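Let me begin by presenting the structure, written as structure tokens, before commenting on it.
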Amino acid sequence: MPCKKTDLISAINSFGAARASGDNTLLAFSVNLVQSLIDTLEFEGEGELGTTQTKVQSETKEEVE
């Protein structure tokens, strides 16, 4: 079952607080919590590119070159 947005946000905030505090134990716990929640997320397939996406990508390539 996917996690709730509020759970993921809370876990990310805990990770940020742990990084800021420098507490290695809290950091390890928060990393594990975030990872376990991310593992429950369900992603849709990328699918085929639409004509608009293809046009934007080709324009971007031209700008880079």
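Throughout, read-outs are computed from the coordinates displayed, never taken from laboratory work. What you are looking at is a predicted structure, and each value in this text was computed from that prediction instead of being measured. Here the Cβ positions follow ideal geometry from the backbone for every residue, glycine too, while neighbour counts run over all protein chains shown.
Worth a mention:
- Here the scattering of the stretch 1-41 is modelled by Debye summation over its C-alpha atoms, one equal scatterer each and no solvent; at q = 0.16, 0.21, 0.25, 0.33 Å⁻¹ the log10 of I(q)/I(0) is -0.35, -0.57, -0.74, -1.05.
- Taking Cβ atoms as reference points and 15 Å as the exclusive limit, the residues near Ser36 contribute a net charge of -2, counting Lys and Arg as +1 and Asp and Glu as -1.
- Counted charge near Met1, where neighbours are those whose Cβ lies closer than 13 Å (Asp, Glu -1; Lys, Arg +1): -2
- Separation of the Leu26 and Ile9 label points, Cα + 7 Å toward Cβ, nm: 2.1
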